[in-house]
Amino acid sequence: MTFHSLGLADELLKAIEQTGYTTPTPVQLQAIPAALAGSDLLVSSHTGSGKTAAFTLPALHRIIDRRPAQGSGPRVLVLTPTRELAQQVEKAVQTYGKALRWLNTACLVGGAPMFAQIKQLQRQCDVVVATPGRLLDHLNRRKIKLSDVEVLILDEADRMLDMGFAEDIDAIVAATPAKRQTLLFSATLDGVVGNLASRLTRNPQRIEIEVAQEDRGQIEQRLMFADDLGHKSRLLHALLGEDGMNQAVVFTATKRSADELSLSLQEKGIAAAALHGDMHQTQRNRTLDRLRQGRIGVLVATDVAARGIDVAGISHVINFDPPRQAEDYVHRIGRTGRAGRDGVAITLSGPRETGLIRAIERFTGDRLAVHTIPGMEPSPRKPAGPRPAGSARRPSGGGYGRPGGEARRGGYGRDGQSSGRGYGDRRERAARG
């Protein structure tokens, strides 16, 4: 089946042909006709499945023949969790809508100058792509009206909820017409995402795309145990010096951790850079450009900043801090092994992070293979001594081997034990937008 059989406008088909795509992906085959029919959609699809085109193409088709009245607001609104993803979506809109010379877009994200975005909004904007926090800022300042929105798209809705955007989304949706079409895309459609979907959609069509085995990236997953923070750092340095390492993304729990670890690697002569939500958008773009150009060998990033990064040269993903949410593990390791390329994902686990490892294994259904580096093995588990009479038994699981009892989460404190923190020593919330 080809894109011509989906019922898209000729202008869009020409743009698709120029991109070199000939065959729709499974999510596009199901979502595009359903969206063209006017249905609300709930779509579960993995990263790299072609979901951006699955919502961009029908949204553009809907507005292609009807020019808006002067002074109208955007007719298509796309909400994304991160700045990088918002920029990618806007670029896709411009690519598929290149034959529509009248088409104007705006990208409203945090970290970019507010004044420049206000100037964008002063012209007739047909499609707005935004992060919830920044869009709400513009809405509260009355710089944008959403009463003309015909299609509302939530991309990676699960991630937006994880980042605490639920109230912002509700406020934004309340400003849109009730008769709009809503397309919600998420890695999962259950739990809090399902609750959100029930509030936003009307008789939605549910589409769930399984990952075909031949489309899976070939990613070798490894687990390495560390005694303390210093041991983790030595393991990381050894891993970055191994043969076969091209470029790596190293994940940390907090923004401060990313800065400190990046600086530590730079002091050892490694071409490293940090990427996190506190950085100005210009700096983030410059860092990503250097990564794509191969000028950066190691990107130290937080979960929020790394969403949507697709760089062919990334051969390794290293979880310096295991993810606090098991779902994030899949997104992290997906930065390597893309489009069928081979990759390696290594998770470093401290003494009290075994609970996180257990959660990852339960979520993925796979046991992580334990690896060691000769001469850098973790200390053997200490046997428990005799218990004084009348004393209560302590829960097991503090040592090594396979993960034992439920562990306390985090990095390390002054005594080398986990303190619930990452490489830095301060808990941080993800920056909005």
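Values as computed for the structure displayed
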{"quantity": "Gyration tensor (alpha-carbon) shape descriptor, the stretch 68-137, a/c threshold 1.5", "calculated": "oblate"}
{"quantity": "Prolate/oblate/rounded call for the stretch 217-370, Cα gyration tensor, a/c under 1.5 rounded", "calculated": "rounded"}
{"quantity": "Partners for residue 268 among lysines (Cα-Cα distance below 17 Å; same-chain residues under 8 apart left out)", "calculated": "232"}
{"quantity": "Which of 371, 61 has the fewest Cβ neighbours within 10 Å, and the rest in rising order", "calculated": "371, 61"}
{"quantity": "³J(HN,Hα) computed for each position of the stretch 358-368 - Karplus, 6.51 cos²θ - 1.76 cosθ + 1.60, integer Hz, glycine/proline x", "calculated": "4, 5, 5, 5, 5, 5, 7, x, 10, 8, 6"}
{"quantity": "Burial ordering of 118, 318, fewest other beta-carbon atoms within 10 Å first", "calculated": "118, 318"}
{"quantity": "Computed magnitude of the charge dipole of the stretch 3-208 (debye, nearest 20; Cβ of K, R +1, Cβ of D, E -1)", "calculated": "780"}
{"quantity": "Sparse-neighbour loop sites [GluC sites (Glu not before Pro); the stretch 127-235; at most 11 other C-beta within 10 Å; DSSP]", "calculated": "210"}
{"quantity": "Over 32 Å between alpha carbons, listed pairs 179/255; 145/255; 51/143", "calculated": "179/255; 145/255"}
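Read the figures in this text as sums done on the coordinates, not as results from a lab. Owing to the predicted nature of the structure, the values given are computational and were not obtained by experimental measurement. When we count neighbours, we look across all protein chains shown, and the Cβ atoms used for this are built from the backbone with ideal geometry, even at glycine.
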